[in-house]
Structures are given as C-alpha cells and as structure tokens.
Amino acid sequence: MCYLLIGNVSALISADCTEPLINARIRVYLPDGHISNCYPHKYTFSGPRQLTPSEVLNKEERLLAETALDHQGNFSLCWEQVHLFTEPLELDICLQGMPEEAGEKMETHFHLSTLVPPWKHSMQRYVAAYAYVFPVESWAQIRASYGTWVIAGIVRRTHDNEGQSQLRVKAYNAGNHRMLACSSTDDRGRYQMRFSRKQLSAGQLLGPNVYFKVYRDKKLLWAEQADVAAMPGRRAIDACSVINITMQGGMVKKAAGWLSRVVG
C-alpha cells in the first residue's frame with residue numbers, strides 16, 4: 001500500500017490573477033509527535049510562515065517525500081505506507097530563487113499547512129489532492145525580498161471590450177528608458193511579465209515608473225509617452241502589479257502624456 005498526493009501551488013497577483021510557482025519544491029513531513037490524533041481533516045487557509053534555517057534542519061529526519069513543481073506549479077508525490085492515513089502531515093515549500101532573479105539564487109522555506117489529506121482508497125493505494133495559493137500580500141512581500149516584479153493585465157481597444165490576443169507587450173522603465181520585460185497576450189488578451197532589479201537604474205531601490213508599447217508581430221500598434229509613467233498606478237509599482245492597457249484608435253497611435261493633456 002502506498003500514498004499518492006497530487007496538486008498545485010500558485011500565487012495570487014490580484015484577486016483574479018495567479019502565477020504558478022516554479023523553481024520550487026514541495027516537501028511532506030511526518031508529524032512531530034506533538035499534534036493530537038484528533039487533528040481535523042479540514043484545514044483553515046492561512047498565509048505561509050517563513051521557516052528559519054534551524055527549523056528546516058530540525059525537520060530533516062521527519063522528511064517523508066519531496067518533489068519539484070513543474071512549470072505550471074503542479075506536482076505528484078508518492079511514498080510507501082509508513083504512517084496511518086488518519087495522521088496529519090506537514091506541507092512546506094522550498095523556493096529556490098525566482099527565474100528572473102539577478103545574481104546568486106536565494107533559497108527560502110515556508111510552512112504551508114498541517115492537515116490530514118482527504119485520502120481515498122483506490123486500487124492498492126491511497127490518493128488525495130492538495131492545492132495552495134499564496135495570498136497577494138504574502139507573495140508581494142516574497143517577490144520584493146527577491147528583488148523581482150511581476151506585472152499582469154489585459155490589453156483591450158476602446159471600441160472593443162474583448163481582450164486582444166496575439167499581441168506583444170513591452171514595458172519600459174521611465175528612469176532610463178530601458179525595456180524591463182516583454183510578453184505575449186493569450187487568447188483572452190491577458191499578459192504576464194517579470195523582471196528583476198538588474199533591469200533598473202543603478203541604486204534604484206523602489207519599483208520603476210513604467211510605460212508600455214504594444215506590437216503585432218513587428219508592427220507598432222500603440223505607444224505611450226514616458227510621462228504616463230508618473231501617473232498613479234504607474235509610479236514606483238509594487239512587486240505584484242496589475243496594469244490593464246487600453247489602446248485607442250485602430251491604427252498606430254501615440255498615447256498623449258497626462259502632463260501635455262493638462263497643460264494643453
């Protein structure tokens with residue numbers, strides 16, 4: 001008899017937008033002996049708790065199984081039966097750096113849950129599913145600690161509320177006019193892009209002021225002037241930011257900056 005635990009770990013960028021965890025490993029530990037056998041089968045969602053290096057080291061002897069998450073944050077773990085299916089397990093995540101992180105990768109560990117998985121007896125094994133989503137506030141703090149940012153949003157036209165697919169979105173740092181990152185829109189017009197502190201000006205500690213350009217293939221469809229980056233929501237952006245883009249007009253058009261609109 002063995003156990004099979006499948007699931008997914010992701011993080012919220014906003015209330016309706018997530019990103020998968022990659023460069024991460026999920027770890028399952030046996031209980032430490034101080035938890036009651038009456039631990040509830042259902043668990044209450046809570047934010048992750050960062051573990052100290054000594055806490056991680058002290059748990060090593062209880063490590064039951066671990067595996068890497070795939071590029072969509074999915075995982076599958078299997079182990080032989082060495083405990084009762086009614087016993088709680090501890091689930092932790094080990095972040096092994098962000099893909100866009102500059103310099104040496106920093107490893108951090110977080111405790112996610114202590115729970116009794118909802119095991120179902122199937123064939124010659126017990127099977128259960130588990131999913132965890134990092135809250136926005138927690139994920140923004142973690143990304144900030146790594147010196148990385150993620151921007152997500154939807155590209156639309158003023159005359160069409162539908163998202164625009166197959167477009168290339170480029171974000172620029174108004175401080176030095178260097179491109180921060182680029183991304184393609186999916187079939188719903190959604191995009192996500194990531195960058196690290198290495199794309200910022202030397203000595204810049206806060207998030208950048210950003211403006212965008214939108215392309216179809218190599219053709220420029222929409223461009224904002226750099227002074228748009230001084231507007232609220234574009235200035236010193238948070239580590240997790242949602243910025244929707246609305247393109248005006250049907251042909252190539254340059255977005256007038258907010259200063260010129262006020263003065264003119």
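What follows is calculated from the coordinates using simple rules that are stated; it is not laboratory data. No experiment lies behind these values; they were computed from the predicted model shown. Here the Cβ is made from the backbone with ideal geometry for all residues, glycine too, and neighbour counts use every protein chain on show.
Tally Lys/Arg at +1 and Asp/Glu at -1 over every other residue whose Cβ is under 14 Å from the Cβ of ASN58; what's the total?
So the surrounding residues net to -3.
Considering the values (i) 1.23; (ii) 1.17; (iii) 0.97, which represents Cα Rg over 2.2 N^0.38 Å as calculated for the structure under consideration?
(i)
Averaging sequence separations of C-alpha pairs under 8 Å and six or more residues apart, then dividing by the length of the chain, give the relative contact order as a whole percent.
After rounding, I find 19 percent.
Which pairs, out of LYS170/LYS198; LYS105/LYS198; LYS170/LYS219; LYS59/LYS105, put more than 21 Å between their alpha-carbon atoms?
LYS59/LYS105
Between GLN72 and ASP16, what length comes free when the chain is fully extended (0.36 nm per residue of separation minus the Cα-Cα distance, one decimal in nm)?
Stretched out fully, the GLN72 to ASP16 stretch lengthens by 18.5 nm.
Which of the aspartates and glutamates could a cross-linker span from LYS213 if the Cα-Cα distance has to be under 14 Å and same-chain partners fewer than 8 positions apart are dropped?
GLU224, ASP227
Percent relative contact order of region 123-195, based on C-alpha pairs within less than 8 angstrom and at least six residues apart?
Relative CO of region 123-195 lands at 30 percent.
Per DSSP helix of 4 or more residues, -39500 (n - 2.57); summed, then divided by the residues of the chain. What does that give at 222 nm, rounded to the nearest 500?
Calculated from helices alone, the mean residue ellipticity at 222 nm is -2000 deg cm²/dmol.
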